[in-house]
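Participant: Below is one structure. I have some questions about it.
The values are calculated or read from the model by the stated rules, or taken from the named source; none is laboratory data. In this text, all values refer to a predicted model and were calculated from it rather than measured experimentally. Cβ atoms come from the backbone with ideal geometry, glycine included; neighbour counts cover every protein chain shown. The area values use the complete protein model at the heavy-atom level, side chains included, leaving out ligands, DNA and RNA. Shrake-Rupley method; radii C 1.70, N 1.55, O 1.52, S 1.80 Å.
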Amino acid sequence: LELGQDEWIGFLDSDCLVGPKWAQQCSGQMAQWQADEKVWGWGGPSLNRGRTVLDVAIRKLGLWFSAHRRGEVADFVKHLPTCSVFYRRSTLLQIGGFPAGFHRVGEDLSLSNKILKQGGRLVQTPLPVVSHQQTASVWSWILRMHRYGEAQGLVARLYPSHLASRRILPAAMVLFLAMTIYALFPHGFWAVMVAMGLFAFFITMPQKWIPQVTSVWAMVTVSVLMYGIGTWWGLVRWRPK
């Protein structure tokens, strides 16, 4: 950061593809937000355009997050993922950069909270758009959803107000589901857990064996559950230093 010369510093994930006008669109956004010193970061949407069952499920899950929806106008948001984002370098240096302890997951979410607490603003812009090439492995995606949920829990420990975010809802759903299952099946709790595991395995079956709409919603359900479980894991495990 200290060696940089430009006012804006950008981050782009290695699994994101950009269009031919990406650089030109970035320059336009830099010029647009340069004069507004309250804007400390901006980023365009990250979209998934695949056609597999997993891709369709990811798009449905993406509707929950503003960064994965394309709006027509710029909008102020509470979180910008680092898969495609630009930060004002001078203010990033001023607040000490990314919070420590988030080397594995949640670095963008923790930085977004840090920026907002310091009085900065984050903007979701219509452009530039990048294509996020998500993993083709169902199991890898489920583990990724667990990490995404873990990030919510870790950030909530540093910023308790984050618990009021709708992203904590999956954790509440997991708690409610676990309590309901235990109340209905006090002596067969783990048997029900095994049944849920078999349900998760169901979504890995070849697509030709089951209707796509069934496998998509099964994938969405398991993803939300893993996200909620990850949130609880982040809440109870180590605290970032």
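Participant: Keeping all protein chains in position, work out how much accessible area Trp232 exposes to a 1.4 Å probe, and write it in Å² to the nearest 10.
Facilitator: 100
Participant: Per-residue HN-Hα couplings for the range 100-112, Karplus 6.51 cos²θ - 1.76 cosθ + 1.60 at θ = phi - 60°, whole Hz, x for Gly and Pro?
Facilitator: Calculated HN-Hα couplings, in order: 6, x, 10, 7, 9, 7, x, 5, 6, 5, 5, 5, 4 Hz.
Participant: Also, quick follow-up: If the limit is 24 Å between Cα atoms, which of Lys21/Lys78; Lys38/Lys114; Lys38/Lys117 go over it?
Facilitator: Working: Lys21/Lys78 27 Å; Lys38/Lys114 14 Å; Lys38/Lys117 12 Å.
Result: Lys21/Lys78 exceed 24 Å.
Participant: Taking the Cβ of Met226 as the center, what net charge do the other residues with Cβ under 13 Å away carry, scoring Lys and Arg +1 and Asp and Glu -1? Intermediate values should be presented prior to the final figure.
Facilitator: Numbers: positive: Arg144, Arg147; negative: Glu150.
Every neighbour counted, the sum reads +1.
Participant: Something else: Taking the Cβ of Ile95 as the center, what net charge do the other residues with Cβ under 12 Å away carry, scoring Lys and Arg +1 and Asp and Glu -1?
Facilitator: Spelling it out: positives minus negatives among the neighbours equals +4.
Participant: Using a 1.4 angstrom probe and counting only protein chains, how large is the accessible area of Leu163 in Å², to 10?
Facilitator: Number for this one is 90 Å².
Participant: Hey, another quick one. Can you list the HN-Hα couplings for the range 80-90, worked out from phi with the Karplus curve (6.51, -1.76, 1.60; θ = phi - 60°), rounded to whole Hz and with x for Gly and Pro?
Facilitator: In residue order, the calculated couplings are 10, x, 7, 5, 7, 7, 10, 10, 6, 5, 5 Hz.
Participant: Can you give the extra length, in nm with one decimal, that the chain gains between Leu3 and Arg157 once fully stretched, where that is 0.36 nm per residue apart less the Cα-Cα distance?
Facilitator: Here the segment from Leu3 to Arg157 would lengthen by 52.2 nm.
Participant: Ser131 to Leu17: extension gain in nm, 0.36 nm per residue of separation minus the Cα-Cα distance?
Facilitator: 40.5 nm
Participant: Would you please give the FRET efficiency between Leu175 and Lys78, computed as 1/(1 + (r/R0)^6) with r the Cβ-Cβ distance and R0 = 25 Å, to the nearest 0.05?
Facilitator: Plugging the Cβ-Cβ distance into 1/(1 + (r/R0)^6) gives 0.60.
Participant: If ligands, DNA and RNA are left out, what is the accessible area of Phe176 with a 1.4 Å probe, given in Å² to the nearest 10?
Facilitator: The accessible area comes out at roughly 140 Å².
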